Amino acid sequence: MKSIMCPNCAAPLEMEDTQTHVTCPYCSVTSELKKVKELIEHYMLPVMYDAEQIRTELVGDILKHPGTPEDLHKSLKISKLDLKFIPYFIVTVHLRTEYSGVGEYATYSFRYKSGYRNIDFHPKPEQGVFDDEREFIIYAAEEINNELLNFEISTRGKVYFQALEAEKVRADVSPSVFDLEQAKAEAINSMREIHKGLMLKELAQIQEVRDQPEVKGVYLLHIPFYFLEFEFSGKKQTAILDGATGRTVITQIPRETSYWIQVGVLSFLFGAIGLAGIYLAVQQIFFYFGIFAAIAGLVFAARTLQLGLKTRYRETRRRRRR
Amino acid sequence: MSELTKFQCPYCNSPLEINPEDKIFNCVSCGQAVLSDGSKFENHYILENTINQKQVHDIVKNFIRKKGYLRGIRGYKITKVSPILTPFWCVNTDAYTHFVGYLRYSETKTRTVGTGKNRRTVTEHVTVYRPVDNEINEKRVDVLLGRRGSSIYGYDKVKDLVRATFSRAVPFNYDRLTGTEKEFDYLSSEISLEAANQLGKTIVFDDHRSRAEKACTKVFDCATQISYTGTYFVHAPVWQVEYIFKDETYRIAILGSTGSVILGEIPVTTRFRVIFLTLSFLFLGGGGAVSYFFGDQVAVPIIAGIVAAVIGFFTLKNTFKPMSVHGG
């Protein structure tokens, strides 16, 4: 506990050691406590979906797929359900890179129609500046999970982190593997990679690089995820759902046996048409018809297998940056 | 040593309701938009909402009828209608890019060879290089969502709509927000004015570079200069609708200023799957018939096969997909 004085009305205020904001009960002005040593801004997303609601979301997503058991809302039994807060660093980096090196220019000879037949490349000294700002989301949990790494996170509705809140919903809090400096360094590195890529487009050879990184903002955010296991016809299936927005990170899709039979029959049928086509073409009976059937049948069979055998579903994925 | 910062409206001194996300605050008493450093912000605009709950229901009905054609969707129920005022930054810039590079392409060359009986025309392809030295000079408006992350359904599409209707925005009026638009959930910006300008600049740079790369086989030099001509904070009314069909939830996002659907999910029913599977078979059969009856050139079955394969790629996708997503 710390005692401070309200800067507006001078009333005494008490705050927890971990608390950074306090609202004065007398004049309702909110104050922020800043240590002179940099303070980590630490947030969490509150858990908005309880176990029952998350089950409804999961079943709803599964049922949109063909060949799933219709009574799943009743029959799905969740055998394991863990709630865990996963840390992400959100870092905004500004980087100014001054570079110099050897660039290229070209001379052209032998005019031909609208262009030239011949091109010659020559080196020339070149220098320039890249100066821009980007935001990076850094997955900071110890356990490597590609699904969570690529998940398009949402930061809407974040509140200051309170360990008590996590305890209340009986959730584990994964500690961050990076401290503030490491997270910043990680983001600066990613930014340097981007600038390096740009430089290689401009230059044939980089000779000198001077850059000035500046972190414009950084905070740590813990997002609650549900890790579920459920059983279907004796097979264990897993799913991960976002406990703050109810979105499905990834789930396996349980299917009925009749679905597998349908997919099997369908792809067999297309495959048979394709193979028959090859046979007809090779034997020179209905040669042209055979060629058509071989192309279309095999593509249809491959596509049916590709789509029909899909066993996982993701609601959103983060798009990769160029 | 510690220091304390007060959160108080610099104009009327009433306490500001703060939220750790926000970079722009609106004073609850006087409505003035205030930046997080305490300075006044004037360029706050809003696209006014023109639709009400009943119209939202009609728009959803029309959308499902139009896009859910032939699917037999009957008995859906709207379960949640939440209007949100979503924050956008509109960064206005004059952007100029000069780029130098070359383009490689091929020209066809015909010449006649041989004499007498052996005289014939030969066509060959010649690789040609053309120097490129071009400029892009434009006034642009780049729209960024004022939030980090993106749990707002359809937000990516809204950007384009906001860019197109930006000129219809009116100055933000706090009384209106607390009056006619009070049912709206108000979101402020998590991105500061300065950050919006910087991120806007990055968008322009990336866009101009990719356009230069498209125009050239190789770009030697590409330099962009921009000057800001005004950055506006614009709120757009978005209605987020959820409806239930056969126990499953689907979402639709509607832009409140125009009443158009931004993005919407439509259930895929068994009937829809059967229709597309039948279509796949019809194209397979049709292509077969064509190559059987018109197959006097080897190109016919090959082209028919490729066409059928491409069509099958989509019809089969429709057979298996969990749901359809449509823009307005």
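The values are calculated or read from the model by the stated rules, or taken from the named source; none is laboratory data. Because the structure is a prediction, the values reported are computed rather than measured. All Cβ positions, even for glycine, are placed from backbone atoms using ideal geometry, and neighbour counts span all protein chains on display. Each accessible area value is taken on the protein alone, full model and side chains, heavy atoms only, with ligands, DNA and RNA left out. Shrake-Rupley method; radii C 1.70, N 1.55, O 1.52, S 1.80 Å.
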Contact surface B-A: accessible area buried, both sides summed, square angstrom, 1.4 angstrom probe: 7400
Approximate shape of segment A:40-252 as ellipsoid semi-axes (Cα gyration tensor, √5λ), whole Å, largest first: 49, 26, 12
Percentage relative contact order, segment B:164-290, counting C-alpha pairs under 8 Å, at least six apart: 12
Viscosity 0.692 mPa s, 37 °C: Kirkwood-radius Stokes-Einstein D of segment B:271-327 over Cα pairs, µm²/s: 268
Accessible area in square angstrom per residue, chain A, 1.4 angstrom probe: 52
Local electrostatic count, residue B:113, Cβ distance below 9 Å [Lys/Arg +1, Asp/Glu -1]: +3
Relative contact order of chain A, defined on C-alpha pairs under 8 angstrom at six or more residues apart (%): 23
Normalised alpha carbon radius of gyration of segment B:77-193 [divisor 2.2 N^0.38 Å]: 2.10
Farthest toward positive dipole pole in chain A [+1 Lys/Arg, -1 Asp/Glu at C-beta], among A:271, A:180, A:232: A:271
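Which of the DSSP-defined H helices in chain A satisfy a minimum axial length of 24 Å, computed from C-alpha atoms, and a minimum mean Kyte-Doolittle hydropathy of 0.0?
Details: long enough: A:180-202 (33 Å, -0.52); A:257-282 (37 Å, 1.59); A:287-308 (31 Å, 1.53).
Those that clear 24 Å and a mean of 0.0 are A:257-282, A:287-308.
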Residue mean of other protein chain beta carbons inside 10 Å, B:201-209: 3
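Could you state the accessible area per residue of chain B in Å², with a 1.4 Å probe and every protein chain left in place?
Here the per-residue accessible area is 49 Å².
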Dimensionless Rg/Rh of segment A:132-215 - Kirkwood Rh, Rg from C-alpha atoms: 1.09
Length-normalised contact order of segment A:257-312 in % [C-alpha pairs under 8 Å, at least 6 apart]: 40
Taking N as its residue count, the alpha carbon Rg of segment A:219-268 over 2.2 N^0.38 Å: 1.65
Cα convex hull volume per residue for segment A:257-312 (Å³): 51
Within the accessible area of segment B:33-158 (1.4 Å probe), percent carbon and sulfur: 45
Chain B: DSSP helices with Cα axial extent of at least 20 Å and average Kyte-Doolittle hydropathy no lower than 1.0: B:270-293, B:299-320
Loop-resident sites, segment B:48-145, for trypsin sites (Lys or Arg not before Pro), counting at most 15 other Cβ within 10 Å (DSSP): B:74, B:119
Cα-based convex hull volume of chain B per residue, rounded to whole Å³: 224
Dipole in debye (nearest 20) - the protein assembly as shown, about Cα centre, beta carbon charges: Lys, Arg +1; Asp, Glu -1: 3300
Which of A:171, A:128, A:144, positive extreme of dipole for chain A (C-beta unit charges): A:128
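Calculate, in whole percent, how much of the Cα-Cα pair population of the protein assembly as shown lies beyond 45 Å. Could you put the intermediate results ahead of the total?
Details: 77568 of 210925 pairs.
When all Cα pairs of the protein assembly as shown are counted, 37 percent exceed 45 Å.
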Check: segment B:154-245 dipole with +1 on Lys, Arg Cβ and -1 on Asp, Glu Cβ, in debye: 440
Area accessible to solvent at residue A:222, 1.4 Å probe radius, in Å²: 10
Dipole-positive endmost among B:260, B:118, B:187 within chain B (Cβ charges, Cα centre): B:118
Percent accessible area from carbon and sulfur atoms, segment A:40-252, protein chains only, probe 1.4 Å: 49
For residues of A:118-129, the mean tally of beta carbons on other chains within 10 Å: 2
Which listed pairs, of A:64/A:168; A:74/B:77; A:184/A:310; A:77/B:321; B:246/B:321; B:159/B:201, have C-alpha distances above 27 Å, in listed order: A:64/A:168; A:184/A:310
For chain B, size of Cβ-based charge dipole, Lys and Arg +1, Asp and Glu -1, in debye: 1880
